[in-house]
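Participant: Could you have a look at this structure, given as structure tokens, before my questions?
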Amino acid sequence: MSERAYSIELQKKVKKSELSHLFKTGQLNDIHAFYCLDPGCQIPLTAKATNSSKRSPHFILQHNDQPHISTCTEVAPEENLIRFEIEKNKVKSLLHSKKLQTFAAPKPITARIKKKTKEDEGSISSHGTITKTKGNSTTSIQQIDTTTRSLDIMVDAFENSHEKSEVFRISFPFENRSWPDIRSFNIKATHGKKTLNNIFYPISEIFPYNEFKIFFGEVYLEEVKDDLISINFVQNNSLHLNTNKQKLLNLPEKEIIREALEKRSPLLVYCQGAVELIHLKTGEEFRIVTVTNHIYRSLFFKSCS
């Protein structure tokens, strides 16, 4: 259950502890007029127990088949488990039916949540309230969304495959950014049909250059500044990633990330990106360029088994 959400009626974020007062005073009226605060997620949420003497107010998923994204920084552990099971079962069903499915990049982040005029599950009136419509309840394989954007689900499919020969369509356009200039790299193999063996690649001293892969390998996390974490690959000390500490500690895997930082223990990381030769003032250096501008959104961490 989310701790806070974006209120369409108030046009600002609201904490769950504020719900009772806001509904009692009439400042809020529609329990369905909320969205996830994570700018990459923004799924619809519902306020529950706003006038209950037995339970504390909280936010829940508005639709169980529309869960938070895998890198959502607002997700509660139980909601993340719901999402994982839903998506994992979907992938298994599609593989069993031999229906081609797509592994795709995370949806681009929007700068802020804006008032919307039309939604898949309903519409928002000029007063900011949502009119809900019933979704299609069929579970036919033909009507299941065949696109998966969650890296942990891709990892689950890879780790539980014996031959790694299952074919997936991939769609991983790299987000533009000021540095490095992604357009100048002309990264290959970002789209098309690939087997799991061709999508995933273990980090080592030898690596494919200028080609999209989901790289994986053991890493150590090092706090280089108060707000910056360096991710250092054990099998290739020339490759590393730097990302925001607080963003990492807000990921669903935050507990194992925090433990790895405190105990200086290794983690297994999966990273969507490409290895590129970056031109610096001090010379040239190979680096992993992630699919997303925000590095943490292209990562998934696991404990080393």
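The values are calculated or read from the model by the stated rules, or taken from the named source; none is laboratory data. This is a predicted model, so every value here is computed, not measured. Cβ coordinates were reconstructed from backbone atoms using ideal geometry, including for glycine residues, and neighbour counts include every protein chain displayed. For the accessible areas, the whole protein counts, side chains as well, though only heavy atoms, and no ligand, DNA or RNA atoms are used. Shrake-Rupley method; radii C 1.70, N 1.55, O 1.52, S 1.80 Å.
Participant: Between Ser161 and Glu175, what is the spin-label point distance in nm, taking each point 7 Å from the Cα along the Cα→C-beta axis?
Facilitator: 2.6 nm
Participant: His63 to Tyr220: extension gain in nm, 0.36 nm per residue of separation minus the Cα-Cα distance?
Facilitator: 52.8 nm
Participant: Now a separate question. Determine the relative contact order of the range 192-262: mean sequence separation of Cα pairs under 8 Å and six or more apart, normalised by residue count, in whole percent. Show your work: numbers first, answer last.
Facilitator: Numbers: 86 pairs, mean separation 15.5, N = 71.
The normalised contact order for the range 192-262 reaches 22 percent.
Participant: Under a Cβ-only charge scheme (Lys and Arg +1, Asp and Glu -1), can you give me the dipole magnitude of the range 139-213 about the Cα centre, in debye to the nearest 20?
Facilitator: 340 debye
Participant: Next question, about the same structure. Name the long-range amide H neighbours of Val291: under 5 Å, sequence gap of 5 or more, or other chain; modelled H, no Pro or chain starts.
Facilitator: Gln272, Gly273
Participant: Here is a follow-up. Using mean Cβ contacts within 10 Å as the protection proxy, how do 172-181, 207-216 order, highest first?
Facilitator: The packing order, highest mean first, is 207-216, 172-181.
Participant: Test of understanding: express the Cα radius of gyration of the chain as a ratio to 2.2 N^0.38 Å, with N the residue count. Please report the intermediate quantities before stating the final value.
Facilitator: On the way: Rg = 20.9 Å, N = 305, 2.2 N^0.38 = 19.3 Å.
The value comes to 1.08.
Participant: Output the peptides 188-195, 7-14 sorted from most to least packed, where packing is the average of other Cβ atoms within 10 Å over each peptide's residues.
Facilitator: The packing order, highest mean first, is 7-14, 188-195.
Participant: Sorting check: for 48-55, 260-267, 164-171, which peptide has the highest mean count of neighbouring beta carbons within 10 Å, and how do the rest follow?
Facilitator: On the way: 48-55: 11.0, 260-267: 14.0, 164-171: 16.4.
Output ranking for 48-55, 260-267, 164-171: 164-171, 260-267, 48-55.
Participant: Quick check: the angle from helix 254-263's long axis to the longest principal axis of the chain, C-alpha only, nearest 10 degrees?
Facilitator: Compared with the principal axis, the helix lies near 50 degrees.
Participant: Continuing with the same structure: His240 to Glu262: extension gain in nm, 0.36 nm per residue of separation minus the Cα-Cα distance? If you can, show how the numbers build up before the last one.
Facilitator: Working: separation 22, 0.36 × 22 = 7.92 nm, distance 1.93 nm.
Separation in residues times 0.36 nm, less the Cα-Cα distance, equals 6.0 nm.
Participant: Let me ask something else. Along the range 60-70, what does the Karplus equation 6.51 cos²θ - 1.76 cosθ + 1.60 (θ = phi - 60°) give for ³J(HN,Hα), rounded to whole Hz, x for Gly and Pro?
Facilitator: Couplings: 10, 4, 6, 9, 5, 8, 10, x, 4, 6, 5 Hz.
Participant: Another question about this same structure. With a probe of 1.4 Å, find how much accessible area the chain has per residue, and write the answer as a whole number in Å². Write down the numbers at each step before the final one.
Facilitator: Details: 16510 Å² over 305 residues.
Per residue, the chain has 54 Å² of solvent-accessible surface.
Participant: Next question, about the same structure. Taking all protein chains as present, what is the carbon and sulfur share of the accessible area of the chain, in % to the nearest whole number, probe 1.4 Å?
Facilitator: Within the chain, the accessible surface is 48 percent carbon and sulfur.
Participant: To continue, here is another question. Restricting attention to the chain, give the cysteines that have no other cysteine Cβ less than 4.7 angstrom from their Cβ.
Facilitator: Cys with no partner Cβ under 4.7 Å: Cys271, Cys304.
Participant: Starting from the eigenvalues of the Cα gyration tensor, five times each then square-rooted, give me the equivalent ellipsoid semi-axes of the range 248-305, largest first, whole Å.
Facilitator: In descending order the semi-axes read 26, 14, 11 Å.
Participant: Do you know the relative contact order of the chain, to the nearest whole percent, from alpha carbon pairs under 8 angstrom that are 6+ apart? Provide the component values of the computation, followed by the final result.
Facilitator: Values: 575 pairs, mean separation 41.2, N = 305.
Reported as a whole number, the value is 13 percent.
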